[in-house]
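The values are calculated or read from the model by the stated rules, or taken from the named source; none is laboratory data. Everything numeric here is computed off the predicted structure, so don't read it as measured data. Glycine gets a Cβ as well: all are built from the backbone with ideal geometry, and neighbour counts include every protein chain shown. Surface accessibility is based on the protein's heavy atoms, side chains included, excluding ligands, DNA and RNA. Shrake-Rupley method; radii C 1.70, N 1.55, O 1.52, S 1.80 Å.
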Amino acid sequence: MKVLANDGVSQSGIDALEAAGYEVITTNVAQEQLQNYINDKDVTVLLVRSATKVRKDIIDNCPGLKVIGRGGVGMDNIDVDYAREKGLHVINTPAASSHSVAELVFGHFYGLARFLHKSNRDMPLEGDANFKGLKKAFAKGTELKGKTLGVIGFGRIGQATAKIGIGAGMKVVAYDPFMEKAHLELEFFDGQKVNFDIETISKEDVLKQADFLTLHVPAQKDYVIDEKEFSQMKDGVILANAARGGVVNEVALVKAIESGKVARAALDVFEKEPQPEVQLLMNSELSLTPHTGAATNEAQDRIGLELADQIISILG
């Protein structure tokens, strides 16, 4: 049986599938050619990440397809319910990238707290001629220790992010409409463990309390953070969205930055991927990454192996 990993898959995943007798194709096929390619090559399993879309046309017109796999969490690029109605298996890897996304969020938070996103741009340009000026400009950093981390969406990634916050000495408050309480276990290098029970509170209370705010929710119809939510936040909050483009109203975010309601913000995802709005790209108060939350070697290894295990379990 053939597996088409159209958006790539780790070598560990390829090795596991090949050891089980599968042929793995890593050719990147253009979206408009995908249907014909699947049928011509007699592909049984289609693996995607966020780039390739698997809609009704592919599901209806590729009768040999048995499994659709998403390397990652969100499956908004796949018509999941329709595929399952048609008898296809749809799988993903919800746990594999949690820690990688959480670390990226904190990379942004530490950078924003100490103006690294700005000083890394300005030092090469002005470091020799304006060292003292830059030192003064970036002298009012803030520590994360002792601050309140607000988490909107307290699933696996939200909890992984909260664990890093606890390790950094932060207070954690969380909102999740589907969860009243979560048990967090922090494991350390010498085998010691520390346990925390976090009871979720209202979204409004999280917004009011958070000094640093992070979002970990799936794509949805309406904005999770819009003008109303910005108005409920503390003045000078630092915000990160490494969830999905369209979770935060980007126009409202820029306004909130201009008013000082939001001091600085990080975006790993955008409403108009893969061509984010220029006003975001040029905004000096934003720390930006090109949707790389899950893009670590470790996470991709876990994703590949998890997909391989599920495929082998389903198809034998």
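Starting from residues that are under 23 Å from the mean Cα position of the chain (by Cα) and surrounded by fewer than 19 Cβ atoms within 10 Å (Cβ to Cβ), keep the ones in the range 8-30 and report whichever is nearest to residue 306 (Cα to Cα). Ranking the qualifying residues of the range 8-30, first place goes to 12. With the structure loaded, tell me whether residue 314 is under 30 Å from residue 20 (Cβ atoms), at pLDDT 95 or above, of a type outside the set (S, T, N, Q) and out of contact with any helix residue (DSSP H, G or I) (no Cβ under 6 Å at 6 or more places or on another chain) or whether it fails that test. Criteria met by residue 314.
Of the residues that make up the range 37-48, is at least one in a loop (DSSP other than H, G, I, E, B) and touching a strand residue (DSSP E or B) at 6+ places or on another chain (Cβ under 9 Å)? Yes, some residue in the range 37-48 is in a loop (DSSP other than H, G, I, E, B) and touching a strand residue (DSSP E or B) at 6+ places or on another chain (Cβ under 9 Å).
Kindly evaluate residue 163 against the criterion of being open to solvent by 70 Å² or more (accessible area, probe 1.4 Å), closer than 28 Å to residue 208 by Cβ and assigned to a loop (DSSP other than H, G, I, E, B). So residue 163 fails the test. Without any contact (Cβ under 8 Å) to a residue 40 or more places away in the chain and exposed (fewer than 15 other Cβ atoms within 10 Å of the Cβ) - does that describe any residue in the range 284-295? Yes - at least one qualifying residue is present in the range 284-295.
Set side by side, the residues 227, 285, 250, 273 differ, and just one is of a type in the set (D, E, K, R) and under 30 Å from residue 26 (Cβ atoms), which is 273. Output yes when any residue across the range 93-112 is hydroxyl-bearing (Ser, Thr, Tyr) and closer than 30 Å to residue 57 by Cα, and no when none is. Taking every residue of the range 93-112 in turn, at least one turns out to be hydroxyl-bearing (Ser, Thr, Tyr) and closer than 30 Å to residue 57 by Cα.
Which numbered condition trips up residue 295, out of (1) within 15 Å of the chain's Cα centre (by Cα); (2) small (Gly, Ala, Ser); (3) at pLDDT 95 or above? Of the numbered conditions (1) within 15 Å of the chain's Cα centre (by Cα); (2) small (Gly, Ala, Ser); (3) at pLDDT 95 or above, the odd one out for residue 295 is (3).
Going residue by residue through the range 208-225, is there one that turns out to be open to solvent by 20 Å² or more (accessible area, probe 1.4 Å), touching a His at 6+ places or on another chain (Cβ under 9 Å) and closer than 23 Å to residue 118 by Cβ?
No; the residues of the range 208-225 include none that is open to solvent by 20 Å² or more (accessible area, probe 1.4 Å), touching a His at 6+ places or on another chain (Cβ under 9 Å) and closer than 23 Å to residue 118 by Cβ.
Applying the condition of being of a type outside the set (Asp, Glu) and open to solvent by 10 Å² or more (accessible area, probe 1.4 Å) to the range 255-270 and asking which residue is nearest to the chain's Cα centre (by Cα) yields 270. The residue that is nearest to the chain's Cα centre (by Cα), among those in the range 82-98 that are buried (at least 17 other Cβ atoms within 10 Å of the Cβ) and more than 11 Å from residue 302 (Cα to Cα), is 92.
The rows are residues; the columns are (1) open to solvent by less than 30 Å² (accessible area, probe 1.4 Å); (2) without any contact (Cβ under 8 Å) to a residue 12 or more places away in the chain; (3) over 25 Å from residue 285 (Cα atoms).
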{"site": "148", "(1), (2), (3)": "yes, no, no"}
{"site": "151", "(1), (2), (3)": "yes, no, no"}
{"site": "171", "(1), (2), (3)": "no, no, no"}
{"site": "179", "(1), (2), (3)": "no, no, yes"}
{"site": "189", "(1), (2), (3)": "no, yes, yes"}
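Among the candidates 250, 199, the residue that is open to solvent by 60 Å² or more (accessible area, probe 1.4 Å) and without any contact (Cβ under 8 Å) to a residue 40 or more places away in the chain is uniquely 199. Restricting the range 31-53 to residues that are within 19 Å of residue 311 (Cβ to Cβ) and among the charged types (D, E, K, R) leaves a set whose member that is most open to solvent (accessible area, probe 1.4 Å) is 42. Of all the numbered requirements in (1) open to solvent by less than 70 Å² (accessible area, probe 1.4 Å); (2) over 14 Å from the mean Cα position of the chain (by Cα); (3) touching a residue at least 40 places away in the same chain (Cβ under 8 Å); (4) farther than 20 Å from residue 287 by Cα, residue 111 misses one, and that requirement is (4). Here residue 313 meets the list (1) among the hydroxyl-bearing types (Ser, Thr, Tyr); (2) open to solvent by 50 Å² or more (accessible area, probe 1.4 Å); (3) under 16 Å from the mean Cα position of the chain (by Cα) almost entirely, failing just condition (3).
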